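Beneath this line is the structure, given in structure tokens, with notes to follow.
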Amino acid sequence: MMKLKTGVVHPGMMGICVAATLQNSGHEVYWASEGRSPQTRKRAEKFNLFDAGSLAGLCDTCSIIISVCPPNAAEEMAEQVLAQSFQGVYLDVNAISPQRTMRIEQLMRAGGVDFVDGGIIGLPVWERGKTWLYLSGDKAPQAASFFSGGPLEITVVGNEVGKASALKMCYAAYTKGTTALLGGILATAQALGVRAELETQWSRDWAHFGEQAGERVRNVTAKAWRFAGEMAEIAATFREAGLPGEFHAAAEMIYRRMAGFKDAPSTPALEEVLAKLIQTSD
């Protein structure tokens, strides 16, 4: 297999998982340190990523760019890459709606760049069989060959751009949407003075569910700032499909109220999380 020069923007926790899969598949992986945090630099150095310095340097060096960034930054990132006169394959694996994905595809095609739609389902992992990268678009089979070494498992879901993103949206609508729902239920019960009774009844119906629900809400607090944008994308996806998007619009607000825990030194107590959720205004 030909060794390729690939670029990842940016090597956060999931971005590093993508980078590791590219490395395991025999490719060189680059990143752009300009404007990135010390934590990102430390992560990139730990995994021996090559530093291209700037986005311009990355686009000049690499024939493949993989975008792994917060949902609300996906289009801006694509525009910035195009502004560097990049020519190659652009793979967007962000948690964004099919509509947004197709807008990015149109931008890329207009600029002469091959586009692949991607959606990651699962957590950052270092062993196979845990997390899947779904790909779609006419260049998806080619892109799949870049990731043969794992740990990400690769599945092509068709040649139509938007399918991989749609699958990601539908999956996260349940997994992350219901966590937001649990947070809202627990906060409402707390505000109305019936939380202990609710947790007891839950655990009568489903063993340990009362405790598990609280842990599930606590454990997303560090990523709530990112999940908020994802809920907005899911709401847009539902509306485009002819369904109400209000449930996930409300989930977006739940996550926004937890966003302040992003840089907390440790996982907050459930009581602290619920206090953040119980507000009179956003």
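The values are calculated or read from the model by the stated rules, or taken from the named source; none is laboratory data. Remember, predicted model here, so these are calculated numbers, not experimental data. A quick note on method: Cβ atoms are made from the backbone with ideal geometry, for glycine too, and the neighbour counts reach across all protein chains shown.
Of these, Ala213, Ala187, Ala207, which one is in contact with a Leu (Cβ under 7 Å, 6 or more places away or on another chain) and either farther than 20 Å from Leu123 by Cβ or outside any helix (DSSP H, G or I) (or both)?
On inspection, the qualifying residue turns out to be Ala187.
Please specify each residue of region 149-178 satisfying the condition of being more than 18 Å from Ala251 (Cα to Cα), in contact with a strand residue (DSSP E or B) (Cβ under 8 Å, 6 or more places away or on another chain) and not aliphatic (A, V, I, L, M).
Matches in region 149-178: Glu153, Thr155, Gly158, Asn159, Glu160, Gly162, Lys163, Ser165.
Could you run through region 101-117 and say how many residues are crowded, with 23+ Cβ neighbours inside 10 Å and either touching a Ser or Thr at 6+ places or on another chain (Cβ under 8 Å) or more than 14 Å from Val161 (Cα to Cα) (or both)?
3
Considering only region 8-16, I want to know if a residue exists there that is in the same structural domain as Ser145 (by TED's automatic domain parsing) and either farther than 30 Å from Ala222 by Cα or surrounded by fewer than 17 Cβ atoms within 10 Å (Cβ to Cβ) (or both).
Yes, some residue in region 8-16 is in the same structural domain as Ser145 (by TED's automatic domain parsing) and either farther than 30 Å from Ala222 by Cα or surrounded by fewer than 17 Cβ atoms within 10 Å (Cβ to Cβ) (or both).
If a residue counts only when it is in the same structural domain as Trp132 (by TED's automatic domain parsing) and of a type in the set (Lys, Arg), which helices (runs of 4 or more DSSP H) contained entirely in region 34-118 have at least 2 such residues?
38-46, 98-110
Can you tell which of Glu233, Glu197 is exposed (fewer than 15 other Cβ atoms within 10 Å of the Cβ), modelled with pLDDT of 95 or more and in a helix (DSSP H, G or I)?
Checking each option against the conditions leaves just Glu197.
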